[in-house]
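Trainee: Quick one: structure below, then a few questions.
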Amino acid sequence: MAQHDSEHDIAAGSELDTVAERTVSAGTAVAVPSGAFENPGSPPDRIRATDLDPKKEKTAERRVGGLFLFSIAASIFAIVAYIIFPIVPGDLSSVRLNNLFLGLGISLALISIGLGSIYWAKNLMKDGEWEEHRHPTRGREETREAAAEVFRLGNEESGFGRRALIRRSLIGALVVSPLPAVVMFRDLAPAADPVALLKSTVWDKNVRLMRDPSNTPIKASDVTLGSVFHVIPETLANSEHYIEDKAKAAVLLMRLKPEDLHVSADRADWNYQGIVAYSKICTHVGCPVALAEQHTHHLLCPCHQSQFDISHEAKVIFGPAKRPLPQLPITVDSQGYLVARSDFHEPVGPSFWERS
Amino acid sequence: MRTKSSTDARRRQTGRRHPLASIALITIGLLSTGGAYALLTTTASAETTTATQQSISEGQKLFAANCATCHGMTAAGTEHGPSLYGVGAASVDFQMGTGRMPLAFQGPQGAQKPPQFTQQQIDDVAAYIASLAPGPGIPDEKWLTGDSNTALGGELFRVNCAMCHNVAGAGGALTEGKFAPALKGVEARHIYEAMVTGPQNMPVFSDTNLTPQDKADIISYLKFLDENESVGGYSLGSLGPVSEGLFIWIFGLGAIVGVTIWITARPN
């Protein structure tokens with residue numbers, strides 16, 4: 001960039017600007033005559049030590065060179081480290097050493113180039129302040145006319161305006177071509193009605209409660225006082241959408257002393273001799289609520305500290321959750337294994353728009 | 001046993017042929033099968049059979065001197081401490097072996113501290129408590145070796161334990177000042193006993209929920225974590241976004257701010 005070159009607005013590489021002289025900078029909001037702006041009151045230029053002392057200049061030059069040479073060394077180190085610390089299949093700690101030294105080498109190599117460049121610019125490249133005018137955005141009339149001429153000629157030679165069949169069929173083809181993408185993206189939406197999916201889980205009448213992850217059924221007598229079982233439905237194993245179904249159906253099974261339970265009349269047969277099952281999915285934003293305290297009967301959600309009181313039908317006693325955890329009605333089958341009486345009576349997990 | 005004859009007995013001159021041999025064999029057989037049965041049925045009954053009366057009376061003295069203030073002279077509990085009937089030797093060994101009992105003070109949660117009794121004294125108190133009512137006994141050594149299925153143990157740990165104790169066993173906060181302690185360096189025996197007895201607010205993971213083999217797998221996973229350094233480099237306490245976020249906010253952003261200031265500062 002030229003200094004004190006105020007006669008012309010010079011933009012490097014712009015051929016047009018060298019042709020004609022301008023007196024105002026066109027295309028900008030404020031037209032400032034060249035060289036006519038006021039000193040904003042900045043302090044006068046300070047002369048750098050490297051500008052005055054050739055010795056210091058030499059030192060700075062060596063520093064920049066040193067950083068660039070260090071970068072070369074670091075790059076070579078990265079290559080050597082990659083060979084010295086190979087990734088041994090099955091040995092995870094070898095991956096760690098390999099990544100560490102390779103990454104260290106590459107980072108140091110790139111950072112040294114950056115630091116060297118900045119040090120160079122700050123200490124050795126030309127310092128001081130100068131005017132630099134804005135490049136006008138509007139081209140000159142001849143340029144604009146030449147551009148229009150190119151289009152006119154193109155139209156004439158190709159016959160785009162004249163040959164209506166080609167023009168219209170081409171426009172039609174371009175309009176239709178994105179349609180396959182629309183069909184494709186449409187398929188990303190859930191095939192079934194998402195509201196129905198949110199309102200039900202795979203729990204159903206007589207579905208056994210199984211231990212997660214061993215998938216073994218649980219006898220009522222297995223659930224000793226103070227126990228917490230992490231439960232999945234028996235039918236989950238055959239599910240086509242295992243993860244999605246598990247995410248909705250995960251249940252926490254606990255046994256309290258029957259006198260500790262405060263059961264409302266319409267839920268009288270939802271527990272089995274003090275064994276209760278509650279959805280593990282927080283009604284706030286759906287984190288798994290599984291931090292169970294044996295003596296307080298509180299469940300704590302680790303994400304936002306909502307607390308639910310299992311002895312009072314999982315009512316919210318603290319935190320941002322608004323609704324209690326849905327209860328899964330349970331009983332035992334003829335063989336003494338715990339089974340669900342039905343699905344949950346309300347949607348599990350956080351609120352959604354269509355949840356009534 | 002074949003019916004013995006006097007000629008046989010004289011010729012072979014072996015104890016097996018002695019007239020009392022059959023009775024002795026039957027007695028030994030009954031004792032060993034009975035003993036093995038007692039050992040194998042529950043570890044609790046094994047504990048009670050091996051505890052000597054002397055140990056129990058020693059334990060009773062220690063209990064009266066150190067524990068009875070809160071738990072009552074008969075261990076039936078008072079308003080300051082729960083009843084210890086049925087908690088078993090495992091509970092005593094865990095609570096006293098990790099120094100949680102006797103409590104230093106009443107608080108949200110008994111803190112771990114250096115044990116105040118020798119293992120012999122703890123065993124005596126455990127024998128006394130186990131003699132009051134049956135409960136979970138000291139776990140068998142074979143579950144504590146830490147060399148069973150680490151991968152399955154990891155899965156069981158993530159399902160049953162990780163929500164409170166953190167996936168890397170680094171511990172975590174509970175409500176009202178309670179917390180799940182870190183599991184690094186905890187003895188295998190104490191891990192097993194904690195699962196069986198559910199100390200303080202930890203739920204009970206009885207053998208009908210996690211079989212002894214499951215517990216051995218979980219212990220193996222925790223021992224694996226103890227013995228193997230984090231493959232991802234420095235783990236910052238394995239606390240997840242808390243410590244990692246703090247680190248990157250202080251050092252990462254700090255470095256960016258520092259470099260920005262250096263870039264824009266005028267050289268001298």
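Trainee: Out of A:Tyr272, A:Tyr337, A:Tyr278, I need the residue that is among the hydroxyl-bearing types (Ser, Thr, Tyr) and surrounded by 20 or more Cβ atoms within 10 Å (Cβ to Cβ). Which one?
Mentor: From the options A:Tyr272, A:Tyr337, A:Tyr278, the qualifying one is A:Tyr278.
Trainee: Let me ask another. Enumerate the helices (runs of 4 or more DSSP H) found wholly within the range B:39-121, keeping only those where 3 or more residues are closer than 22 Å to B:Leu174 by Cα and at pLDDT 90 or above.
Mentor: B:88-97
Trainee: Can I ask one more? Report those helices (runs of 4 or more DSSP H) wholly inside the range A:101-205 carrying at least 3 residues which are away from chain B (no Cβ under 14 Å) and within 43 Å of the chain's Cα centre (by Cα). Spell out how you get there, then give the answer.
Mentor: Details: elements: A:141-158, A:164-176, A:179-186, A:194-199.
Once the helices (runs of 4 or more DSSP H) in the range A:101-205 are filtered for at least 3 residues that are away from chain B (no Cβ under 14 Å) and within 43 Å of the chain's Cα centre (by Cα), what remains is A:164-176, A:179-186, A:194-199.
Trainee: Follow-up. Which of the numbered conditions does B:Asn149 fail, given that it passes all the others? Conditions: (1) more than 22 Å from B:Gly240 (Cα to Cα); (2) within 9 Å of another protein chain (Cβ to nearest Cβ); (3) over 14 Å from the mean Cα position of the chain (by Cα).
Mentor: Here B:Asn149 clears every test but (2).
Trainee: Could you give every pair whose Cβ atoms fall below 8 Å, whose first residue belongs to the range A:264-287 and is touching a residue at least 12 places away in the same chain (Cβ under 8 Å), and whose second residue is aromatic (Phe, Trp, Tyr), counting only separations of at least 6 or pairs across chains?
Mentor: Qualifying pairs under 8 Å: A:Val276/A:Trp270; A:Tyr278/A:Phe308; A:Ser279/A:Phe344.
Trainee: When you go through (1) at pLDDT below 90; (2) buried (at least 17 other Cβ atoms within 10 Å of the Cβ) one by one for A:Pro258, which number turns out not to apply?
Mentor: The single condition A:Pro258 does not satisfy is (2).
Trainee: If I ask for residues that are in contact (Cβ under 8 Å) with a residue 40 or more places away in the chain and assigned to a loop (DSSP other than H, G, I, E, B), which ones from the range A:206-224 would you list?
Mentor: A:Asn206, A:Val207, A:Ile218, A:Val223
Trainee: Within the range A:66-82, is even one residue under 16 Å from A:Ser112 (Cβ atoms), within 14 Å of chain B (Cβ to nearest Cβ) and either surrounded by 15 or more Cβ atoms within 10 Å (Cβ to Cβ) or out of contact with any Asp or Glu (no Cβ under 8 Å at 6 or more places or on another chain) (or both)?
Mentor: yes
Trainee: Still on this structure, I have one more. Taking the condition of being among the polar types (S, T, N, Q), more than 16 Å from the chain's Cα centre (by Cα) and under 12 Å from B:Gln200 (Cα atoms), how many residues in the range B:93-131 meet it?
Mentor: Going through the range B:93-131 one residue at a time, the tally reaches 1.
Trainee: Could you look through the range A:275-291, keep only residues that are part of a loop (DSSP other than H, G, I, E, B) and within 14 Å of another protein chain (Cβ to nearest Cβ), and pick out the one that is nearest to the chain's Cα centre (by Cα)?
Mentor: The qualifying residue nearest to the chain's Cα centre (by Cα) is A:Cys287.
Trainee: Separate question: Which residue out of A:Gln305, A:Gln294 is touching a Gly at 6+ places or on another chain (Cβ under 8 Å), facing chain B (nearest Cβ under 10 Å) and touching a residue at least 60 places away in the same chain (Cβ under 8 Å)?
Mentor: Checking each option against the conditions leaves just A:Gln294.
Trainee: Looking at the range A:310-356, what strands (runs of 3 or more DSSP E) fall wholly within it and have at least 3 residues that are under 25 Å from A:Lys219 (Cβ atoms)?
Mentor: Per the criteria, A:330-332, A:338-340.
Trainee: Give the range A:206-226 a look and list any residue that's closer than 22 Å to B:Arg158 by Cα, within 10 Å of another protein chain (Cβ to nearest Cβ) and out of contact with any Phe, Trp or Tyr (no Cβ under 7 Å at 6 or more places or on another chain), or say none.
Mentor: A:Asp212, A:Pro213, A:Ser214, A:Thr216, A:Asp222, A:Thr224, A:Gly226 - these are the residues of the range A:206-226 that are closer than 22 Å to B:Arg158 by Cα, within 10 Å of another protein chain (Cβ to nearest Cβ) and out of contact with any Phe, Trp or Tyr (no Cβ under 7 Å at 6 or more places or on another chain).
Trainee: Which numbered condition in (1) closer than 30 Å to A:Ile281 by Cα; (2) surrounded by fewer than 10 Cβ atoms within 10 Å (Cβ to Cβ) is the only one that A:His230 fails?
Mentor: The failed condition is (2).
Trainee: Looking only at the range A:243-290, which residues are aliphatic (A, V, I, L, M) and farther than 25 Å from A:Lys199 by Cα?
Mentor: Just the residues of the range A:243-290 that are aliphatic (A, V, I, L, M), to begin with: A:243, A:247, A:249-254, A:256, A:261, A:263, A:265, A:268, A:275-277, A:281, A:285, A:289-290.
Correct list: A:Leu256, A:Leu261.
Trainee: Can you find, within the range A:230-266, the residue that is nearest to the other protein chains (Cβ to nearest Cβ) among those that are more than 15 Å from A:Gln327 (Cα to Cα) and not in a helix (DSSP H, G or I)?
Mentor: The residue in question is A:Lys257.
The values are calculated or read from the model by the stated rules, or taken from the named source; none is laboratory data. Because the structure is a prediction, the values reported are computed rather than measured. Glycine gets a Cβ as well: all are built from the backbone with ideal geometry, and neighbour counts include every protein chain shown.
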